[in-house]
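Chemist: Handing you a structure now.
The values are calculated or read from the model by the stated rules, or taken from the named source; none is laboratory data. Just so it is clear, the model here is predicted, and its values are computed rather than measured. Methodologically, a virtual Cβ is constructed for each residue, glycine included, from the backbone with ideal geometry; neighbour enumeration extends over all protein chains shown. The area values use the complete protein model at the heavy-atom level, side chains included, leaving out ligands, DNA and RNA. Shrake-Rupley method; radii C 1.70, N 1.55, O 1.52, S 1.80 Å.
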Amino acid sequence: MHGATVTPGITPAEELRDPALSMTRLLQVLKFLEADGQFTRTLRVGVSSSITAELLGTYLRKHAAVNHIRLEPVQGNYDDSLGDMKRFAAEGIEQVVLIYFLDSLMPSLETSLPRLDAGLMQAKEAEFQSRMQLTLAAADKFEVIYISTLHRVTISSNQSSPDAVDELVARLNAELRREAALHANVRIIDTQKLITEVGAHAAFDARFYFRSMAPYTARYFDAFAAAIASASRGFGSYFFKMLALDCDNTLWGGIVGEEGVGGLQLAPYGFPGNIYWRAQNEIANLEQSGVLLCLCTKNNPGDVEEVFSAHPSMVLRPSQIVARRVNWSDKAQNLRELAAELDLGLDSIVFLDDSDFECNAVRSQLPQVRTYQVPKNLPEYALVLSEISRLFLAGGVSVESRSKTKQYQQRSMAVAVKAQFGSQEEYLRSLNLRALLALNAKESTARISELSQKSNQFNLTTRRYSEREIVDSMSSADTEVYSLVVLDRFGDAGLTGVVIMRYMGRTAHVESFFMSCRVIGRGVEFSIWEYLTRQAAARGCDEMLAQYKPTARNSLVERFFDELGMQRVDGSAREVVGGAGIVSYRLTLPSVNLFKTQWIDVIHA
């Protein structure tokens, strides 16, 4: 490993997860990984700070490497946030970290604040607010900017009520959050939570602060970088959707097939039943936030059903479980079947089990699945669930993504009803399908961005969009963002499709088209194009261009534009870009003979 000894049985990426890893070893492992050429992409991140923060760059590299991303940190100038934003933009930086520190307003502010003139302090606060507003406005074009809240370093001598420092920090943070809410690309990193997690004594080093304005320790910067990795969902490397759960010694203590319902350990009071009861509450919260819960457990189905229906302390209800594999088959195969049933990729699954054997089997057979084990030291279970929650929730959840269970259950009902009809078209006509097509629906910005990150199978170009990019596209006179909500007689499937059209002269370009797999196969994907081509023609366009960019996951749509009725471009139908064959298409406008579905009403919102 370029001068370093490889730890037997541990991959370099696994070694990076060791919290006791020394700085020397960390740098050795990073050097090896960054020279290995196995990263999926490179990301440049600017760091702008009112303190010395070079060490943060190392830990950003660490947490990016764990997620197979090569990260190149670019340090800004000391306490020059506005200048940094202009410089970073000129250098093509994609993401920015912005760190404010309380003493940047005035040296040793916490100790001098009680004696400062009120007018002077008001002027300092106004100056900070103005500077922050200008900085965030200048950072509006970055993909994302992570901004830290302010916090105090000293401990107040008055423990009974907030002092002047507490009140100042609260005012500044309230203004910071108000301003951040005006910018779609801003993510808040709550530093007080990090300090509580790390511990104040472990987070600060007074020696280096007074010598070189470097108040934070390596341990704190490690936690700060981890928070950024969570908020960005591994710097865009993952998007988990399903939590697959074992039952015995995972949802409850004990083995139901041996001890019966009455012998299980599950209760709000008393150890260890209270740990499992708390775990179920955390898992139920995940379901409410949009996580799909599935059972993947070796049990008799009747035993599991009895626990769910008869145990008085059971928190999870059958209605919260979207799919089940309760049998004696191997769990890797059960996970494959669950993924197929819900039209999910294996890399969108988190699996939780108590068994060494089962966890190792899934890790070896399905490395795409993120596998967690219930700890042998049971009080640590809450920490494991907290880490799992961050995988799903730290990147934010749009309102439309909350509690997807009902939508997937509606999908299952539709599959069951389908068997009653003699043909696919007869069945589809019975659904009373409606497609609500909205233009530049800014209230749906978060969901549109989220869907672009999640959609892999039905995604013609697999381009990912940040909220900032969606806002920019909606605001541009040359771009239109169409969002699609699908309804049928079983219910509302929510916002499940997006088309982004970009106009250049007399040409309309289909920049992106992606949909949720939940509505594939109903013909919705074909129903909207007659309207979209009419709109393009009304803008004066005489042709529409589109591309299919193949990936390992989107073969489902390989011939979509062919089936729609577009023509492959002669002489460039198979351009080789980066080793992948890109298929180009053209359609003369106004269009005729486009394939369309007769059983769907398209409503233009």
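Chemist: Go through the range 480-517 and count every residue that is among the aromatic types (Phe, Trp, Tyr) and buried (at least 20 other Cβ atoms within 10 Å of the Cβ).
Modeler: 3
Chemist: If you scan the range 554-597, which residues turn out to be under 17 Å from GLU530 (Cβ atoms), at pLDDT 85 or above and small (Gly, Ala, Ser)?
Modeler: GLY565
Chemist: Can you pull out the helices (runs of 4 or more DSSP H) entirely within the range 1-109 that have at least 1 residues that are closer than 27 Å to VAL144 by Cα and free of Cβ contacts under 8 Å to residues at least 24 places away in the same chain?
Modeler: 54-66, 81-90
Chemist: For the range 225-314, please list each of the helices (runs of 4 or more DSSP H) lying entirely inside it that holds at least 3 residues being aliphatic (A, V, I, L, M).
Modeler: Answer list for the range 225-314: 273-288, 301-310.
Chemist: Could you say whether any residue in the range 459-470 is more than 23 Å from LYS549 (Cα to Cα), β-branched (Val, Ile, Thr) and in contact (Cβ under 8 Å) with a residue 60 or more places away in the chain?
Modeler: No, there is no match, as no residue in the range 459-470 is more than 23 Å from LYS549 (Cα to Cα), β-branched (Val, Ile, Thr) and in contact (Cβ under 8 Å) with a residue 60 or more places away in the chain.
Chemist: Any residue in the range 366-391 that is open to solvent by less than 70 Å² (accessible area, probe 1.4 Å) sitting within a Cβ distance under 9 Å of a residue that is in a strand (DSSP E or B) and hydroxyl-bearing (Ser, Thr, Tyr)? List the pairs, counting only those 6 or more apart or interchain.
Modeler: Partner pairs satisfying both residue conditions: VAL384/TYR372; LEU385/TYR372; ILE388/TYR372.
Chemist: So how many residues does the range 259-307 have that are open to solvent by less than 10 Å² (accessible area, probe 1.4 Å), modelled with pLDDT of 95 or more and closer than 30 Å to GLY494 by Cβ?
Modeler: 9
Chemist: Being under 30 Å from SER555 (Cβ atoms), in contact (Cβ under 8 Å) with a residue 24 or more places away in the chain and of a type outside the set (Phe, Trp, Tyr) is the requirement here; does ARG336 meet it?
Modeler: yes
Chemist: Also, quick follow-up: Mind checking which residues of the range 287-317 are aliphatic (A, V, I, L, M) and under 23 Å from MET242 (Cβ atoms)?
Modeler: Listed by number, the residues that qualify are VAL291, LEU292, LEU293, LEU295, VAL304, VAL307, MET314, VAL315, LEU316.
Chemist: Being surrounded by fewer than 22 Cβ atoms within 10 Å (Cβ to Cβ) and among the hydrophobic types (A, V, I, L, M, F, W, C) narrows it down to one residue among PHE221, PHE239; which is it?
Modeler: Checking each option against the conditions leaves just PHE239.
Chemist: Would you confirm, using the coordinates I've provided, whether VAL169 is among the β-branched types (Val, Ile, Thr), open to solvent by less than 10 Å² (accessible area, probe 1.4 Å) and over 29 Å from the mean Cα position of the chain (by Cα)?
Modeler: no
Chemist: How about the range 174-193: which of its residues are buried (at least 19 other Cβ atoms within 10 Å of the Cβ), polar (S, T, N, Q) and in a helix (DSSP H, G or I)?
Modeler: THR191
Chemist: Now, a different point. Is it the case that some residue within the range 410-424 is surrounded by 18 or more Cβ atoms within 10 Å (Cβ to Cβ), within 20 Å of the chain's Cα centre (by Cα) and either polar (S, T, N, Q) or at pLDDT 55 or above (or both)?
Modeler: No: the range 410-424 contains no residue that is surrounded by 18 or more Cβ atoms within 10 Å (Cβ to Cβ), within 20 Å of the chain's Cα centre (by Cα) and either polar (S, T, N, Q) or at pLDDT 55 or above (or both).
Chemist: Right, here's the next one. Assigned to a loop (DSSP other than H, G, I, E, B) and surrounded by fewer than 19 Cβ atoms within 10 Å (Cβ to Cβ): does that describe GLY581?
Modeler: No.
Chemist: May I pose another question? Look at the range 341-365 and say how many of its residues are open to solvent by 70 Å² or more (accessible area, probe 1.4 Å) and of a type in the set (Gly, Ala, Ser).
Modeler: Here the count works out to 1.
Chemist: Here's something else I'd like to know. Does PHE39 satisfy the condition of being under 20 Å from GLY236 (Cβ atoms) and either at pLDDT below 90 or surrounded by fewer than 18 Cβ atoms within 10 Å (Cβ to Cβ) (or both)?
Modeler: Yes; evaluated as a whole, the condition is true for this residue.
Chemist: So which residues in the range 90-117 are surrounded by 13 or more Cβ atoms within 10 Å (Cβ to Cβ) and among the hydroxyl-bearing types (Ser, Thr, Tyr)?
Modeler: TYR100, SER104
Chemist: When VAL256 is evaluated against the numbered criteria (1) more than 24 Å from GLU143 (Cα to Cα); (2) open to solvent by 30 Å² or more (accessible area, probe 1.4 Å); (3) modelled with pLDDT of 90 or more, which criterion, by number, is the only one it fails?
Modeler: (2)
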